[in-house]
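The values are calculated or read from the model by the stated rules, or taken from the named source; none is laboratory data. Source: prediction; values computed, not measured. Glycine also receives a Cβ, built like all others from the backbone with ideal geometry; neighbour counts cover every protein chain displayed.
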Amino acid sequence: MASPGAETDRERFKVVITDFTFPDFSRYADELKNLPVDLVVPSDETLEAFMREARDADALIHEHLFLTAPIIETFERCRIISHHGKGVDNIAVDRATQRGIIIANVLDASVHEVSEHVFALVLAVRRKIHDYDAAVRTGRWHVAVGEPVRRLHGSTLGLVGFGNLARHVALMARAFGMNVVAYARHPTDALAQQYGVTFASLKDVMKTSDVISVHLPLTPETHGIVSRDMLSRMKPDAVIINISRGGLIDETALVETLRASRIAGAGLDVLVEEPPSVDHPVLSLPNVVITPHCAWYSEEGRDDVERRTAREVARVLAGGRPVSWVNPESEQTFVARFENAPGN
């Protein structure tokens, strides 16, 4: 393995934070303290400031910034981009792979928080919590404000995707007394038995479910998978929840469907445009509950994700390999650049 100082004319590594939600980097610093690391935050939030710092960075800690192929092309020394979370659709992974840059993530980031948030949205939409709250605040104290309200017990939850997070949601749904059907790319009898689910086609999941929750990564193949046609198959009193990525749902079709009350409602933690413009049509819909891409967040979840993100950087800079390696096919080029470099 390459030594920590390989292919560098300086004694310390430069780790750049691309962008951040919380301006407290103590957890990152704590996980990197045993290496000669300078943790750098760009002077402002502009792309220009980031690129000035990132050009000669040895590693990046990444959150929301879109790292396109042209941006990645400017990185002269970068060994690893460690993503604060699971989804890496905002990184040009193919280009990073070609350049031998490791992409790491936190594969099961905040699984408990996100599962809880799914049901927070389900309950808010199905139980008409916001309708009741708004009515009470304006002097209306009457149960009929939310009519009709449907019980969860005995209803059917449909999961679009069946990865680790969806499996946690399935277990929670069983505790609510719900039946669970799921669309999965690789269904097995063992999974069905373990999680108490019935696997079905996407069309059948959309058609038979009372609550639909979307759990897929955003890729070219899954973009818009919940299409206008799929939305048209939903029951008129069904609701849809999305805590994954906005691009999985045809947003224009969803707005039209909700506006026409062809389904009962939606709970959204993600949108195509984040944050949305003030005139985004979804913001005016009374049958939608929206949260600001916060399903992952709790203080415990934040601590876990930030520390694990930084640990991946520490592993690679120390000459090791990441635990959650998104693009292991980058290894050959990585070795050529950093481990077989002249002088190593």
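Sort through LEU231, LEU258, LEU271, LEU254 and tell me the only one that's surrounded by 19 or more Cβ atoms within 10 Å (Cβ to Cβ) and part of a loop (DSSP other than H, G, I, E, B).
The conditions single out LEU271.
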Restricting attention to the stretch 283-292, does a residue exist that is assigned to a loop (DSSP other than H, G, I, E, B) and within 15 Å of the chain's Cα centre (by Cα)?
yes
Among residues belonging to the stretch 175-227 that are of a type in the set (Phe, Trp, Tyr) and not in a strand (DSSP E or B), point out the one that is nearest to ASP108 (Cα to Cα).
TYR195
For the stretch 1-53, what are the residues that are hydrophobic (A, V, I, L, M, F, W, C), modelled with pLDDT of 95 or more and closer than 21 Å to VAL335 by Cα?
PHE13, VAL15, LEU35
So if I check each of ASP94, ASP89, ASP133, which one is of a type outside the set (Ser, Thr, Tyr), in the same structural domain as ARG307 (by TED's automatic domain parsing) and part of a helix (DSSP H, G or I)?
ASP94
What pairs come up if the first residue lies in the stretch 70-95 and is more than 17 Å from ARG315 (Cα to Cα), the second is hydroxyl-bearing (Ser, Thr, Tyr), and their beta carbons are under 6 Å apart, counting only those six or more places apart or on different chains?
ALA92/THR68
Hey, any hits in the stretch 199-209 for a residue that's within 24 Å of LEU285 (Cβ to Cβ), among the hydroxyl-bearing types (Ser, Thr, Tyr) and either surrounded by fewer than 18 Cβ atoms within 10 Å (Cβ to Cβ) or at pLDDT below 95 (or both)?
no
Breaking point among (1) buried (at least 20 other Cβ atoms within 10 Å of the Cβ); (2) without any contact (Cβ under 8 Å) to a residue 40 or more places away in the chain, for THR309
(2)
Note on the stretch 91-110: residues at negative phi and either hydroxyl-bearing (Ser, Thr, Tyr) or surrounded by fewer than 18 Cβ atoms within 10 Å (Cβ to Cβ) (or both) are ASP94, ARG95, THR97, GLN98, ARG99, LEU107, ASP108
Pair list, Cβ under 6 Å, 6 or more apart: the stretch 271-295 residue over 18 Å from ILE243 (Cβ atoms), other residue exposed (fewer than 15 other Cβ atoms within 10 Å of the Cβ) and of a type in the set (A, V, I, L, M, F, W, C)
none
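Of everything in the stretch 229-247, what is in contact with a helix residue (DSSP H, G or I) (Cβ under 7 Å, 6 or more places away or on another chain) and among the polar types (S, T, N, Q)? Give them in sequence order.
So in the stretch 229-247, the residues in contact with a helix residue (DSSP H, G or I) (Cβ under 7 Å, 6 or more places away or on another chain) come out as 230-231, 233-234, 239, 241-243.
Listed by number, the list holds a single entry, ASN242.
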Here are some conditions: (1) over 20 Å from the mean Cα position of the chain (by Cα); (2) surrounded by 15 or more Cβ atoms within 10 Å (Cβ to Cβ); (3) not in a strand (DSSP E or B). SER43 meets all but one. Which one does it not meet?
(2)
Go through (1) buried (at least 16 other Cβ atoms within 10 Å of the Cβ); (2) closer than 26 Å to LYS207 by Cα; (3) not basic (Lys, Arg) one by one and return the number of the condition TRP325 breaks.
(2)
